[in-house]
1. What are the ³J(HN,Hα) values, in whole Hz, obtained from phi via the Karplus relation 6.51 cos²θ - 1.76 cosθ + 1.60 with θ = phi - 60°, for each residue of the stretch 131-144 in sequence order, with x given for Gly and Pro?
2. Could you work out the local net charge near A102, counting Lys and Arg as +1, Asp and Glu as -1, over the other residues with Cβ closer than 12 Å to its Cβ?
3. For the Cα atoms of the chain, what angle does the longest principal axis make with the long axis of helix 118-127, in degrees from 0 to 90, nearest 10?
4. When we measure straight from the Cα of K155, which lysines land under 30 angstrom away, once same-chain ones fewer than 8 places off are left out?
5. Roughly what % of DSSP beta bridges within the chain run antiparallel, to the nearest 5?
6. Compute the acute angle (0 to 90°) between the alpha-carbon long axis of helix 68-85 and the principal axis of greatest extent of the alpha-carbon atoms of the chain; round to the nearest 10°.
7. Near V46, within a Cβ-to-Cβ distance under 14 Å, what is the net charge of the other residues, with Lys and Arg +1 and Asp and Glu -1?
8. Quickly rank 143-150, 59-66, 22-29, 169-176 as a protection proxy: mean count of other C-beta atoms within 10 Å, highest first.
Amino acid sequence: MSIRAILFDLDGTLLHTVPDLAAAVNAMLRDLALPELDEATVATYVGKGAENLIHRSLTGSLDGRADAALFEKANAIWHAHYEQINGQHAEFYPGVLEGLEAFAQAGLKLAVVTNKPERFTGPLLARSGIACYFSVVIGGDTFERKKPDPLPVLKACERLGVSPSEALFIGDSLNDAQAARAAGVPCWLLPYGYNEGRPIESTPCDGHINTLLQAAERVCAQQPIQVNP
Ligand SMILES: O=C(O)COP(=O)(O)O
Ligand SMILES: [Mg+2]
């Protein structure tokens, strides 16, 4: 079966977004008169969506849950700050633009499947100038469950009009690999993103690549590319 579609994670895969996410977290913590966090710590809190990022930042723990009243207040503050900051400091990883262009030139259908809330995903893709590559964009709150649940991956395939076995997921975390594989989509992982503090080498997946360009070269070399109608 030839690959007809590539599904991409966003944070830690296409864009280094931790500088924005951490700036919004620290602006929130300052407003709440709580101690700030360094970027490396915030990076380990990214992966299971905005609500988890806020709970983790408030409690200083990956599994922490803040008190409901504090969370509600912090959530509104963080969203207001991130709305302003989103995209200001985010940077492409090496090979991303070249890789997207190569996949597009090969006629593959491209989608983003992120845990970032929808209201921030579209604007970030637009601000960074890559929105045009994706015919489907799914955020962490587009459906009732997000990665590592397979639902958003299955919905992306459905919306692209491909079966899971005709798709490949490219991501940076266990959340991506679990979601993709449970949906029947193979997953390749990149080494540079955010994996909630876990080593990427020992994360179960179907392949490791160093850059998106390398992934594109590998897909194009291995597969008879089928140009989409
Ligand atoms: O919003 C997050 O926590 C992570 O987003 P991602 O799924 O694009 O890595
Ligand atoms: Mg990610």
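Every number here is computed from the coordinates shown, using simple stated rules; none is lab data. As the structure is a prediction and not an experimental result, all values here were calculated from the model. We place every Cβ from the backbone using ideal geometry, glycine too, and count neighbours over all the protein chains shown.
1. Per-residue couplings from phi come out as 4, 5, 6, 10, 8, 9, 10, 10, x, x, 10, 6, 10, 6 Hz.
2. On the way: positive: R218; negative: E98, E101, E217.
Charge balance in the 12 Å sphere: -2.
3. Between the helix axis and the principal axis of the chain, the angle is about 70 degrees.
4. K155 reaches K48, K109, K116, K146, K147.
5. On the way: 2 of 19 bridges.
In the chain, DSSP labels about 10 percent of beta bridges as antiparallel.
6. Helix 68-85 sits roughly 60 degrees off the main axis of the chain.
7. Details: positive: K48, R56, K116, K146, K147, R198; negative: D9, D11, D20, D38, E39, E51, D172, D176, E196.
Net charge in that neighbourhood comes out at -3.
8. Numbers: 143-150: 17.4, 59-66: 12.9, 22-29: 22.0, 169-176: 26.9.
Per-residue Cβ counts within 10 Å, averaged per peptide and sorted highest first, yield 169-176, 22-29, 143-150, 59-66.
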